Amino acid sequence: MYRLFCNNKMLVCRNFFEQFLDNDIDNSKLSSQLFENTLNKIKNWLENSEENIYIDDIDNDILAAVFKEIFHFAPAAGGLVIMNNSIVAIERNGKVDLPKGHIEKNEQDDIAAMREVEEETAISNLSIIKRLPASYHCYLLNNQWTLKKTSWFLMKSDDEFKPKPQEEEGISKVFLLNKDNVNYFLENTYPSIRLALEEDILEVVRS
């Protein structure tokens, strides 16, 4: 299942497999009526609708071609960092979030995740425990729709919690998530993060 958020609305493709985005586009698909209809449907959802939509009956090659036509892809990576049975969270531009950022050219996603966590929070001595589900959201930037897949990793750090927010990235606060504030975080963070990581977050803070 592929679930893409745009603000608070969601596009759900229950039969789409992300690996089709890595395939070369079959140009014959681009001239089909199904391609045009699907392209227009998703563009209309992006620009005019506030409702969720579900696409279950479209060929994977067609959907991949439509996504490539509409979106610029901007892969990112981030961390669910465990410290003292709590999770490291941030406040960025007034929104509670988890540390994450863009993957640089030729950079592996796990390396990018640890780099971004350290840059945004000043927490080091990080080690990865396991890969977590990715999250997907899109936004309009300079008249170009951008699709961001964020690869998430469960991490731990034995550092003392003495964070320093990366203010030039709009981060005003680094704090710990625990049983007392986890519900507030989940209610006010991005829907894509809540969908992908809620179970993992609750497992850590309630253990």
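Here are the numbers:
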| item | result |
| --- | --- |
| Principal-axis tilt of helix 191-205 within the chain, Cα atoms, nearest 10 degrees | 30 degrees |
| Shape call, the range 101-207: gyration tensor on alpha carbons, a/c limit 1.5 | rounded |
| Helical contribution to [θ] at 222 nm, DSSP H n ≥ 4, -39,500 (n - 2.57), averaged over the chain, rounded to 500 | -9500 deg cm²/dmol |
| Loop sites in the range 2-83: trypsin sites (Lys or Arg not before Pro), DSSP, at most 12 other Cβ within 10 Å | R14 |
| Rg/Rg_ref, the range 144-198, where Rg_ref = 2.2 N^0.38 Å and atoms are Cα | 1.37 |
| Estimated FRET transfer efficiency when R0 is 45 angstrom, pair E198-N40 (beta carbons, to 0.05) | 0.85 |
| Neighbour-limited loop hits for chymotrypsin sites (Phe, Trp or Tyr not before Pro), the range 14-92 (at most 16 other Cβ within 10 Å; DSSP other than H, G, I, E, B) | F17 |
| Cross-link table K41/K68; K9/K173; K105/K148, entries beyond 24 Å C-alpha to C-alpha | K9/K173 |
| Förster-model FRET efficiency, 25 Å R0, N84 and M1, C-beta, rounded to 0.05 | 0.15 |
| Cleavage-rule hits, chymotrypsin sites (Phe, Trp or Tyr not before Pro), the range 85-163, DSSP coil, Cβ neighbours within 10 Å at most 15 | F161 |
| Two-decimal ratio, the range 1-83, of alpha-carbon radius of gyration to 2.2 N^0.38 Å | 1.20 |
| Rounded if a/c under 1.5, otherwise prolate or oblate - the range 10-57, Cα gyration tensor axes | oblate |
| Normalised contact order of the range 122-206, rounded percent, pairs of Cα under 8 Å and 6 or more residues apart | 30 percent |
| Rel. contact order, % - alpha carbon contacts under 8 angstrom, at least six apart, the chain | 23 percent |
| Nearest-ten-degree value, helix 60-70 long axis tilted from longest Cα axis of the chain | 70 degrees |
| For the range 1-34 versus the range 39-90, the gap between their alpha-carbon centres in whole angstrom | 9 Å |
| Ranked order, D24, D110 - accessible area, probe 1.4 Å, largest first | D24, D110 |
| Rounded FRET efficiency, nearest 0.05, which uses the C-beta distance separating E160 from E107 and R0 of 35 Å | 0.80 |
| Rg/Rh (Cα only; Kirkwood hydrodynamic radius) as it applies to the range 23-158 | 1.07 |
| The range 10-80: relative contact order in percent, alpha carbon pairs under 8 Å with at least 6 residues between | 50 percent |
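The values are calculated or read from the model by the stated rules, or taken from the named source; none is laboratory data. Remember, predicted model here, so these are calculated numbers, not experimental data. With ideal geometry, Cβ positions are generated from the backbone for all residues, glycine too; neighbour counts draw on all protein chains shown. Each accessible area value is taken on the protein alone, full model and side chains, heavy atoms only, with ligands, DNA and RNA left out. Shrake-Rupley method; radii C 1.70, N 1.55, O 1.52, S 1.80 Å.
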